[in-house]
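Undergrad: After the C-alpha cells below, expect a handful of questions from me.
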Amino acid sequence: MAVIASSNAPVLLMDGELAIVAASDSFCDTFALDRGDMEGSTLAGLGGGEWGGRQLGSLLKGTASGLAEIDAYEMDLERSGQVSRRLVVNARKLEGDDAARIRLVMSVSDVTDARIAEKLKDDLLREKAILLQELQHRVANSLQIIASVLMQSARQVRSERARGHLRDARNRVMSVATMQRQLAASRLGDVALRPYFTDLCESIGASMIQDRDQLSLHVTVDKSMAPAEVSTSLGLIVTELVINALKHAFPRHRKGKILVDYHSKGEGWVLTVRDTGIGMPANLADAKPGLGTGIVQALAKQLGAEVRVAAAGPGTIVSVARS
Ligand SMILES: Nc1ncnc2c1ncn2[C@@H]1O[C@H](COP(=O)(O)OP(=O)(O)OP(=O)(O)O)[C@@H](O)[C@H]1O
Ligand SMILES: [Mg+2]
C-alpha cells in the first residue's frame, strides 16, 4: 500500500468488488479527488460517478476473476463542467497467498495532450503536403501561360529566325512545366520518366512537327523513377536534343524518325536521342555550338554524365550516359 501511495503515476489498488484500498497522490491530484472521500468508496462511486463506466467495470471484474488482464484500454473520462480526457488504462491482478483476498492494481495515464499534439502534427504535415501540391500546380500553370505567350509572339513576328527562337524558348519552358505537372501527380517527389518524356515529346512535336506522316517521334523509356532535380535536368536535355533533331536533321521536308530512349542499370543510366536525318555537318565550322550544346553539356556535367555524339548512318545519335 505504501508503494501505491507513493507512486508518481496515477495508480489505484482495489479489491475484488472494486472497492478502493489505496490510491496514489498522483491519482487524487490528476483527477481532482479528495483522499478522504475515497476511503470506503468503490470505483464507480468516485467523484461524480465518472469512473462507473460499464465496460471498464466488466473488464476489471474479468481481471479480478483471473480471466483477463487489461492492457492499454482506452476510455474517455467525462466530468461535468470539464473537458473530456482521453485515458489509457492498464490493470493486473496481484498474486497473493490468500485466494479469497483479491487485489487489483489499476494504472492510468492521461494521453489527451499527447494525442492533441500528435493530431496537430499530422494536420500540419497534411497541410504542408497540400500546399506543396498547390504550389506545384500553380508553377505548372504559370509556366504554361508563359509558354503560350511565347507561342503567340512566335506567330506574330515576321522574321523566321526570331520565330524559331521564340518557339525554342516555348519548348524549354514547356519542358519544365511538364515536369512540374508530373511532380504534382507524384506523391513521393520522384518522377516516373516514361510518362514525363512521353508528354514532353508530345508537346514539342505538337509545336514543331507540321506533317506527322513525314516525321515521327518515338519514346521508349523503362520504368525508371528519378528525383525532381534529376528529372528536370534530363527533361531539358531531351528537349534540346529533340529540338536539334527537328531543326537541323530534316531540312526541306525530309522524311524520318526521331527516337528517344532511356534506360537505367543499377546506379547508371543511358539517355539517347537518335535521328535518321542528314547527320552532323562534316565541316566543323558549320556545326557551331549554340546555346543548346551549352545547356546539354552543363546539365550532363551536373548529373555526372558524359555526352557522346556519333554518326548513326543515316543520321545522328547523341548519348548521355552515367555509369
Ligand atoms: N541532330 C542533328 N542533326 C544534324 N545537325 C545537328 C544535329 N544536332 C545539332 N546539329 C548541328 O550542331 C549545331 C550545334 O547545335 P546546338 O544545339 O549547340 O546549337 P543550335 O541548335 O544551332 O542553336 P540553339 O541550340 O542555341 O538553338 C547545330 O547548329 C547543327 O548544325
Ligand atoms: Mg540546339
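The values are calculated or read from the model by the stated rules, or taken from the named source; none is laboratory data. All figures in this text were calculated on a predicted structure; none of them were measured in a lab. Virtual Cβ from ideal backbone geometry, glycine too; neighbours counted across all protein chains shown. Just so you know, the surface numbers come from the protein's heavy atoms only, side chains and all, with ligands and any DNA or RNA stripped out. Shrake-Rupley method; radii C 1.70, N 1.55, O 1.52, S 1.80 Å.
Undergrad: If a residue has to be in contact (Cβ under 8 Å) with a residue 12 or more places away in the chain and not hydrophobic (A, V, I, L, M, F, W, C) to count, how many in the stretch 149-179 make the cut?
TA: Result for the stretch 149-179: 9.
Conditions tested, residue by residue: (1) within 16 Å of ligand 2 (Cβ to nearest atom); (2) outside any strand (DSSP E or B); (3) within 22 Å of Ser231 (Cβ to Cβ).
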site: Trp269; (1), (2), (3): no, no, yes
site: Val273; (1), (2), (3): yes, no, yes
site: Ile278; (1), (2), (3): yes, yes, no
site: Gln297; (1), (2), (3): yes, yes, yes
site: Ala300; (1), (2), (3): yes, yes, yes
site: Arg308; (1), (2), (3): no, no, yes
site: Gly313; (1), (2), (3): no, yes, no
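Undergrad: Let me ask something else about it. Would you point out the residue of the stretch 227-256, among those that are more than 12 Å from ligand 1 (Cβ to nearest atom) and free of Cβ contacts under 8 Å to residues at least 60 places away in the same chain, that is surrounded by the fewest Cβ atoms within 10 Å (Cβ to Cβ)?
TA: Per the stated criteria, the residue is Arg252.
Undergrad: Six or more apart or on different chains, Cβ under 7 Å: which pairs go from a residue in the stretch 114-128 that's part of a helix (DSSP H, G or I) to one that's open to solvent by less than 80 Å² (accessible area, probe 1.4 Å)? Could you list them?
TA: Partner pairs satisfying both residue conditions: Arg115/Arg86.
Undergrad: Here's something else I'd like to know. Go through the stretch 174-225 residue by residue and tally those that are surrounded by 15 or more Cβ atoms within 10 Å (Cβ to Cβ), in a loop (DSSP other than H, G, I, E, B) and touching a helix residue (DSSP H, G or I) at 6+ places or on another chain (Cβ under 8 Å).
TA: Here the count works out to 2.
Undergrad: Sort out which residues of the stretch 313-323 are under 14 Å from Ala249 (Cα atoms), open to solvent by 40 Å² or more (accessible area, probe 1.4 Å) and within 41 Å of the chain's Cα centre (by Cα), and write them in order of number.
TA: Once the filter is applied, which keeps residues that are under 14 Å from Ala249 (Cα atoms), open to solvent by 40 Å² or more (accessible area, probe 1.4 Å) and within 41 Å of the chain's Cα centre (by Cα), the stretch 313-323 yields only Ile317.
Undergrad: If the Cβ limit is 7 Å and pairs must be 6+ apart or interchain, which residue in the stretch 74-98 that is more than 12 Å from Val108 (Cβ to Cβ) pairs with which residue that is open to solvent by 60 Å² or more (accessible area, probe 1.4 Å) and not charged (D, E, K, R)?
TA: Close Cβ pairs satisfying both conditions: Arg79/Gly48; Ser80/Gly48.
Undergrad: Looking at (1) open to solvent by less than 40 Å² (accessible area, probe 1.4 Å); (2) among the small types (Gly, Ala, Ser); (3) more than 16 Å from ligand 1 (Cβ to nearest atom), which one does Gly304 not meet, given that it meets all the others?
TA: Failed condition: (1).
Undergrad: Here's a follow-up. Looking at (1) open to solvent by 60 Å² or more (accessible area, probe 1.4 Å); (2) part of a helix (DSSP H, G or I); (3) over 28 Å from Gly48 (Cα atoms); (4) away from ligand 1 (no atom under 16 Å from the Cβ), can you tell me which one Ala100 breaks?
TA: (2)
Undergrad: If you don't mind, there's one more thing I want to ask. Against the definition (without any contact (Cβ under 8 Å) to a residue 12 or more places away in the chain, farther than 22 Å from Ala185 by Cβ and surrounded by fewer than 21 Cβ atoms within 10 Å (Cβ to Cβ)), how does Lys265 come out, yes or no?
TA: yes
Undergrad: Here's another thing I want to ask about it. Which ones in the stretch 213-252 are more than 20 Å from Asp168 (Cα to Cα), in contact with a Ser or Thr (Cβ under 7 Å, 6 or more places away or on another chain) and either within 16 Å of ligand 2 (Cβ to nearest atom) or modelled with pLDDT under 95 (or both)?
TA: Ser224
Undergrad: Something else now. Quick check: is even one residue across the stretch 184-202 small (Gly, Ala, Ser), closer than 15 Å to Leu236 by Cα, modelled with pLDDT under 90 and more than 15 Å from ligand 2 (Cβ to nearest atom)?
TA: Scanning the stretch 184-202 turns up no residue that is small (Gly, Ala, Ser), closer than 15 Å to Leu236 by Cα, modelled with pLDDT under 90 and more than 15 Å from ligand 2 (Cβ to nearest atom).
Undergrad: Across the stretch 158-172, what is the total count of residues that are open to solvent by less than 50 Å² (accessible area, probe 1.4 Å) and farther than 17 Å from Asp199 by Cβ?
TA: Here the count works out to 5.
Undergrad: Restricting attention to the stretch 271-300, report how many residues are open to solvent by 50 Å² or more (accessible area, probe 1.4 Å), more than 7 Å from ligand 1 (Cβ to nearest atom) and in contact with a strand residue (DSSP E or B) (Cβ under 9 Å, 6 or more places away or on another chain).
TA: 2
Undergrad: Only residues that are assigned to a helix (DSSP H, G or I) and either charged (D, E, K, R) or closer than 23 Å to Arg254 by Cα (or both): list them for the stretch 286-295, please.
TA: Hits for the stretch 286-295 are Asp286, Gly292.
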